[in-house]
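For reference, the structure discussed in these notes is given below.
The values are calculated or read from the model by the stated rules, or taken from the named source; none is laboratory data. Keep in mind that what you see is a predicted model, and the values were worked out from it rather than measured. Every residue, glycine among them, receives a Cβ derived from its backbone with ideal geometry; neighbour counts consider all protein chains shown. When the accessible area is computed, the model is the full protein with side chains, heavy atoms only, and any ligands, DNA or RNA have been set aside. Shrake-Rupley method; radii C 1.70, N 1.55, O 1.52, S 1.80 Å.
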Amino acid sequence: MENILSILVFFPAIAGLLGFVVDKDSARAYGITVAAIEFLLSIWLWFSFDTANAGMQFVELIPLIPDFGISYYLGVDGISLFIIIMATLMTLIGMMSMSITENIKNMIITLLFLEMTMVGVFVALDAIIFYLFWELSLVPMLYIIGAWGGPLRVYAAVKFFLYTFMGSLIMLVGMLFVAYVYHNLTGVWSFAITDWYALVLPVNYQLWLFAAFFLGFAIKVPMFPFHTWLPYAHGQAPTIGSVILAAVLLKMGTYGFVRFSLPMFPDASVLAITPIAAISIVMIIYTAMVAYAQKDMKQVIAYSSVSHMGIIMIGIFAMNAEGISGSVFQMLSHGIVSGALFMLVGVIYDRRHTKLMSEFGGLASVMPKYAVIFGIMLMSSVGLPLTIGFVGEFLVLIGFYEVSPVMTVLAGTSIIIGAIYMLSVYKQSFFGPVTNEANKSLKDLDRKETWSLVPLVLIVVWLGVYPKPVLAPIDNSVKAMLSFMNEKAITQEAKDMIKVSKTTLNRGEVK
Amino acid sequence: MLQPINVSLESLNLITLAPMLVAIAGGLIILILDLINEKLHKSLYVMLTILVLVIDFGATLGLNVNERGFFDVMLIDGISIVSQLLIIVASIIFTPLALTSKRFHEYSYPEFFALFLFMVAGFQFMVASDNLILIFVGLETASLSLYTLIALHNRSNSYEAAVKYFTMGALAAGFFAMGSAVIYALTGSVELYRVADVLAARMDETGLMIAIFGSSVLLLVAFAFKLSLFPFHTWAPDVYEGASAPLAGYMSVVPKVAAFVVSIRIFGMYIDLGVEWVRVVILVLAVLTMTLANLMALVQEDVKRMLAYSSISHAGFIIAALALDTTEGTTAIFFYYALFMFTNLGAFTMLWISRHKVRRFDARFDHPYEKFAGFIKIMPVGAVIMAIFMLSLAGVPPFSVFWGKIYVMQAAVNSGYVWLAIVMGLNSAIAAYYYLKLIVYMFLKDPVKDVDTVYYNLSKPLMAVIGMATIATIAAIFYVQPLVSYIYYMISASGY
């Protein structure tokens, strides 16, 4: 099908509109059905995807506002393909596991609109269309946090909105400037990313533009010191909000770096390696330590999320195939694992209405199934070999080792600190005797929860053991991007830093 | 010895006057109808007004670009056609707001509609001339009608608003007259194209620069009043608050479009002549206006006052485009207002349908934020629509004002004013807070009291207006291209 991407983007939105007439009691079944169809569509996209082709596929291009150079321009490559699948999967699973009963219909409709914006961001190849979905994604999230969240929900929701809105407006000015430069050089207006890729910008322009885009993406990631909105957002959001936020929305930031910053500003990116790596290391170590100090289970996972996003950032700026592919893979693994962890915290919160670790203890004996799944996800989060978390983290560290061994060692401490705080969570909550009366009669996972968590466990193990089907297409596109960045780079320093893998032509091969 | 004056009808080119004559004739017809039968219902007058405006619209569309007429005082260039069309469309969509389900005093007078049409004619004269005297006459015709329309609302704070507006308007008129007098004294002409020629020939005289300085300061002050630019904006929130919601919405668009046209003609001329500091002053006013009005809007407790400050801020945003003095910048002004018009119309209409005759929620304000608390539970569709208007005003894509914003910002970037685009971006971020505040009240808070009376004033015609505004706001992406190319064509055809 030619326009599968349009279908992927607009199917949930249209279904969301139709959802207004669906009865309240069947809203949930309706939402799950729609999300399942959307997920199957994305799987179909994967099967029709030509892994031999590293470029954009399923391209749709309709001029929308020719005078501005804005067109409806969609496409996917190996980098975005799996993020889309992860987004549709997590929406489906999030919806399946959702325990919200109040205003369920509004929630389902909001989630479907959110799904449209998420898929839209990852398929957009026109900067303005990208920006459109990017900004629009704030609105449903504002509503989810603000309407179903904890006691400070309004503050958290508004903070989330304004913080990210401000960053992206600066990014918009950057986009307008790139379009202006493009117009000056070619005489045509264009916001198409593929057109922009061809633009060779002087290094000082690159630096300014890099800074403008950086602000937009870094707040979304969220990079230290722009991360302060995140603990609030997670702390107050309902489970489904945290799942989507951690799994998908944060990835928009890192995806933005891969899609915009690196290929468009290769020289500036190379110059930014050290500062960004430094910030990322601060992010990794500092937030991991903060995570250890938390008393609330959800906050631990929220901060560990920031810490892991630091790993992804480091991998992106490794400027070689291992690092970037590893990062993209880590985006998927972080999406699945942190999403699952938030769902698991949600499970216990539904039962006890508290997330404080001091309230628990000895859960392993009361809820064995829950403890096993929690344990697997936790191990994956820490980066245990044979789980999905290991693959990405390992590749990132290998990749960055070529840039700076010292910094890699520092970044690698995340595994150690991660193990410390995660295992301490596990120890406090799951081991030992059951001290609290209220915990003695807790129900283990029910059918709904099991059905939503087990597939994630299977994916965690499957892709941990055999990542090739996912990693190969990613790697393919990343290598194409790197060789093109290398050609485009102006300074010799940048050319040296950007490592084009020799296996570029040897498709599907992963070291 | 005096010579008899020979005037041929062709040289008068009366067709250039046709649109205004239609409006004036329409006003007179309404007055005559009232003389014959006093008991006619307001709906008749509303429909007659719309009909007259539609004919007016047709007459304006039929004009040829770049013609002069009536002893060369009328100037029909691209700007004047585009702005007349904007003025008429805005008037057409604001008129049905009279058809509320509750009776509002002013709409029972046929004089209201007659005055309304005279006002439209006044604005049309104002934009269709480059003769300072005719501009002045048009401006005053329109303004005097508008003062009366506000006062007809018949509440103590409407009188206050009308008097305040009148006083400020009179002051601005004084400045305008003084500025024009200086120009006349300098050049011996009140026709801008001759003024420009004379000034261009004498630009290197030092004394002349001082006189130009004087005249442009006077004119800048006059138009800063009309456009409610900082620090001449203080009347605006009070006047908006006192006027009825439809008129407040109308005032945030139409008088400003007209004032912008005259500003483009006058200050564009100065900038073209190389009087660089005019540009600087306009830029400074623009930045101050958008920033300070935004900051003021943050602390408002009443939605209508918030919207008043927000439209001041939007005016500041737009006046920056004037300072760019490029075809794109000038296009941006009209393009922005064309998009802003529908969204703002929608927002003010939403206030209008929730308007009570007595203040139920607050002793001081008609539309405090609390009134909209939990709107989603009382009136879900209304809340979603209002939220869309707010997001549009905040510049969230794909809603209409976003496209205006990026066009303005792009125009700024293209002229090398990247800092200006960044200031605009930051201001949009500040503005997002107060628009968001209303959304937060509507969606995230619980209703306070009197939940059943929020859509007190709703009627079918109002629903139709809101529906139209909503469609125009959401579907902007599909009509932006034809709109912008039409405006761009018209503007560049008239040489701006």
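Quick check on the range B:348-369. Is at least one of its residues more than 14 Å from every other protein chain (Cβ to nearest Cβ), over 18 Å from residue B:315 (Cβ atoms), of a type in the set (S, T, N, Q) and not in a loop (DSSP other than H, G, I, E, B)? Yes: one or more hits. Helices (runs of 4 or more DSSP H) fully within the range A:433-511 that include at least 2 residues being closer than 23 Å to residue A:266 by Cα and either open to solvent by less than 20 Å² (accessible area, probe 1.4 Å) or at pLDDT 90 or above (or both): A:468-488. Please indicate, with yes or no, whether at least one residue in the range A:50-72 is closer than 29 Å to residue A:457 by Cβ and crowded, with 21+ Cβ neighbours inside 10 Å. Within the range A:50-72 (the criterion being closer than 29 Å to residue A:457 by Cβ and crowded, with 21+ Cβ neighbours inside 10 Å), the answer is no, since none of the residues qualifies.
Could you tell me whether any residue of the range B:19-40 is of a type in the set (Lys, Arg) and in contact with a Ser or Thr (Cβ under 9 Å, 6 or more places away or on another chain)? Taking every residue of the range B:19-40 in turn, none turns out to be of a type in the set (Lys, Arg) and in contact with a Ser or Thr (Cβ under 9 Å, 6 or more places away or on another chain). Would you confirm whether any residue within the range A:70-78 is hydrophobic (A, V, I, L, M, F, W, C) and more than 14 Å from chain B (Cβ to nearest Cβ)? Looking for residues that are hydrophobic (A, V, I, L, M, F, W, C) and more than 14 Å from chain B (Cβ to nearest Cβ), one finds at least one in the range A:70-78, hence yes.
On inspection, residue A:131 passes the criterion of being within 9 Å of chain B (Cβ to nearest Cβ), in contact (Cβ under 8 Å) with a residue 12 or more places away in the chain, under 18 Å from the mean Cα position of the chain (by Cα) and in a helix (DSSP H, G or I). Being within 26 Å of residue A:175 (Cα to Cα), facing chain A (nearest Cβ under 9 Å) and crowded, with 24+ Cβ neighbours inside 10 Å holds for only one residue in B:390, B:424, and it is B:424.
Among the residues of the range B:479-488, is there at least one that is surrounded by fewer than 23 Cβ atoms within 10 Å (Cβ to Cβ) and modelled with pLDDT under 90? No. When residue A:186 is tested against (1) more than 21 Å from residue A:263 (Cα to Cα); (2) more than 11 Å from chain B (Cβ to nearest Cβ); (3) without any contact (Cβ under 8 Å) to a residue 40 or more places away in the chain, just one condition goes unmet, and that condition is (1).
Looking at the range A:181-213, which of the residues that are touching a Ser or Thr at 6+ places or on another chain (Cβ under 7 Å) and open to solvent by 20 Å² or more (accessible area, probe 1.4 Å) is nearest to residue A:269 (Cα to Cα)? Out of the qualifying residues, it is A:203. Among the residues of the range B:427-469, just one is modelled with pLDDT of 90 or more, open to solvent by 50 Å² or more (accessible area, probe 1.4 Å) and among the hydroxyl-bearing types (Ser, Thr, Tyr), namely B:433.
Yes/no per residue for (1) open to solvent by 10 Å² or more (accessible area, probe 1.4 Å); (2) modelled with pLDDT of 90 or more; (3) small (Gly, Ala, Ser); (4) assigned to a helix (DSSP H, G or I):
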{"site": "B:59", "(1), (2), (3), (4)": "yes, yes, yes, yes"}
{"site": "B:65", "(1), (2), (3), (4)": "yes, no, no, no"}
{"site": "B:71", "(1), (2), (3), (4)": "yes, no, no, no"}
{"site": "B:80", "(1), (2), (3), (4)": "no, yes, yes, yes"}
{"site": "B:88", "(1), (2), (3), (4)": "no, yes, no, yes"}
{"site": "B:92", "(1), (2), (3), (4)": "yes, yes, no, yes"}
{"site": "B:102", "(1), (2), (3), (4)": "yes, no, no, no"}
{"site": "B:118", "(1), (2), (3), (4)": "yes, yes, no, yes"}
{"site": "B:133", "(1), (2), (3), (4)": "yes, yes, no, yes"}
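Restricting the search to the range B:272-297, which residues are part of a helix (DSSP H, G or I), open to solvent by 10 Å² or more (accessible area, probe 1.4 Å) and over 12 Å from residue B:423 (Cα atoms)? Result: B:272, B:276, B:277, B:279, B:280, B:281, B:285, B:292, B:295, B:296. A single entry from B:413, B:408, B:401, B:440 fulfils the requirement of being within 22 Å of residue A:126 (Cα to Cα) and facing chain A (nearest Cβ under 8 Å): B:413. For the range B:188-213, a residue qualifies if it is open to solvent by 20 Å² or more (accessible area, probe 1.4 Å), in a helix (DSSP H, G or I) and farther than 23 Å from residue B:258 by Cα, and the qualifying residues are B:197, B:198, B:200, B:201, B:206, B:207, B:209, B:210, B:211, B:213. Of all the listed residues (A:306, A:282), the sole one being outside any loop (DSSP other than H, G, I, E, B) and surrounded by fewer than 23 Cβ atoms within 10 Å (Cβ to Cβ) is A:282. Restricting the range A:159-180 to residues that are more than 9 Å from every other protein chain (Cβ to nearest Cβ) and open to solvent by 10 Å² or more (accessible area, probe 1.4 Å), the residue that is farthest from the chain's Cα centre (by Cα) is A:159. With respect to (1) of a type outside the set (Phe, Trp, Tyr); (2) in contact with a strand residue (DSSP E or B) (Cβ under 9 Å, 6 or more places away or on another chain); (3) away from chain B (no Cβ under 14 Å), the lone exception for residue A:89 is condition (2). For the range A:20-36, a residue qualifies if it is under 24 Å from the mean Cα position of the chain (by Cα) and either free of Cβ contacts under 8 Å to residues at least 12 places away in the same chain or farther than 13 Å from residue A:95 by Cα (or both), and exactly one does: A:33.
Within the range A:88-109, residues that are open to solvent by less than 50 Å² (accessible area, probe 1.4 Å) sit with their Cβ atoms under 6 Å from residues that are not in a helix (DSSP H, G or I), at 6+ positions apart or across chains, in these pairs: A:107/A:100.
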